[in-house]
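Encoded as structure tokens, the structure appears first; notes follow it.
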Amino acid sequence: MIVENQLASLLSSLQPALRSGDYVYAAWPAGTAVDDGVAAVIREEEGTTAVLTRERADELGLDYSFVAAWITLEVQSALDAVGLTAAVSSALTAAHISCNVLAGLHHDHLLVPAGEAARAMEILRELSAEHQGREPGPAALTIRAETPADRPAILELVAQAFAVSPATGLAVEGTPVEVGLLRQLFDADEYLPELSIVAESDREIVGYAISTRAWVNDLELLGLGPIGVTPRLQQHGIGSALMAETIRRANAAGERGIALLGSPDYYSRFGFVAADSFGIAAPEEAWGRYFQFLPLALWPGGVQGTFRYALPFKEL
């Protein structure tokens, strides 16, 4: 067996492979022989941890909390290789994906949240591509208004983008609510064609954002969302391009401001701040600082009241 210990060669040859099924960590009963279905065992002073399929854990009645996908890096890495684990975990950390590493004699193995499996696989492929001298990520982007013909692709993209809940980080059962919301927004009176935009790369729709009519009292504003990027191309600037184009179009149309519900850490880079600092209350008080607002060039100031989204939002 030939093993590799040079980091650049290791990274260029990662060849991530996804095992079938979901896996869990469970405390193995003391004094009980390890089951043949256990894929890995870690013995500690506090007890024995078993890594096994979720199905087998359920059959045995074992408790668990973390449900994972198992990814094997099929490159044969030497145990004294330096930097592989750090490079892989850093790439996944940058995408906010947790990663638990198991090292075997032949391969390294990663256990990531089950709902993040597809995105983790794409990130690992891109990491490998970077070290093969290939340019990862999308081709040149085109940002344009959507057309009715785009809608099946948009709805599929949104279903993929929200397959993992941004609020809980857990896989969503069934069709994400954002898909149904978007269907209704396309037919709503509050739909604004020029502010329903797609990002297209090599004839593929890879990102989408919509802003619809909203209000505070009688002042017309915009409510942004849903916004999504196809999972395999997240962290490539597509979302930022959609945000920049949304703001540009809104200013050009003489809009006064944009509100959204999302991560303050992310949206602050575009100038969004807590909406209540402008006297704008969230539709639901519990949203707190996650309800944000961007005043545009024609923002009049002196506005106070509760934000009202387009009617379909009230039916969620």
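Where a number appears in this text, it was derived from the coordinates with a stated rule and is not lab data. The structure presented is a predicted model; accordingly, all values stated were derived computationally and were not measured. A quick note on method: Cβ atoms are made from the backbone with ideal geometry, for glycine too, and the neighbour counts reach across all protein chains shown.
Odds and ends about this structure:
- Counting 0.36 nm for each residue step from A129 to T49 and taking away their Cα separation leaves a gain of 25.3 nm.
- Top of V34, V273, V164 by mean-square fluctuation, Gaussian network on the chain, Cα under 10 Å: V34
- MRE, 222 nm, helices only [DSSP H, n ≥ 4, -39500 (n - 2.57), over the chain, to nearest 500]: -7500 deg cm²/dmol
- Our coupling estimate for the stretch 53-70, obtained by passing each phi through the Karplus curve with A = 6.51, B = -1.76, C = 1.60 and θ = phi - 60°, is 5, 4, 4, 5, 4, 5, 4, 8, x, 7, 7, 7, 10, 9, 9, 10, 9, 9 Hz, Gly and Pro reported as x.
- In sequence order, calculated HN-Hα J values of the stretch 42-49 (Karplus, 6.51, -1.76, 1.60; Hz; x Gly/Pro): 10, 9, 10, 4, 6, x, 9, 9
- Size of charge dipole - the chain - debye, nearest 20, with Cβ of Lys, Arg +1 and Asp, Glu -1, no other charges: 820 debye
- DSSP loop trypsin sites (Lys or Arg not before Pro) with at most 13 other Cβ within 10 Å: longest gap in the chain: 1-133
- Excluding exposed DSSP-loop GluC sites (Glu not before Pro) (at most 12 other C-beta within 10 Å), longest clean stretch of the chain: 47-172
- Rounded, prolate or oblate (a/c below 1.5 giving rounded, otherwise prolate when a/b exceeds b/c) for the stretch 163-228 by Cα gyration tensor: oblate
- Leading residue at positive end of dipole, the stretch 7-130 (Cβ point charges), from S12, A39, A91: S12
- Rounded to the nearest 20, the Cβ-based charge dipole of the stretch 141-314 about its Cα centre (Lys and Arg +1, Asp and Glu -1) stands at 260 debye.
- Fewest-first sequence of H236, H106 by Cβ atoms within 10 Å of each Cβ: H106, H236
- Between the amide H of Y25 and those of S65, F66, distances stay under 5 Å, these residues lying 5 or more places away or on another chain, with hydrogens modeled in the peptide plane.
- Cβ crowding within 10 Å ranks I210, I97 as I97, I210, fewest other Cβ atoms first.
- Placed amide H near A281: partners under 5 Å, 5+ positions off or other chain: G305, T306, F307
- Options (i) 70, 46, 36; (ii) 55, 44, 41; (iii) 68, 38, 30 - which one matches Cα extents along the principal axes in Å as calculated here: (i)
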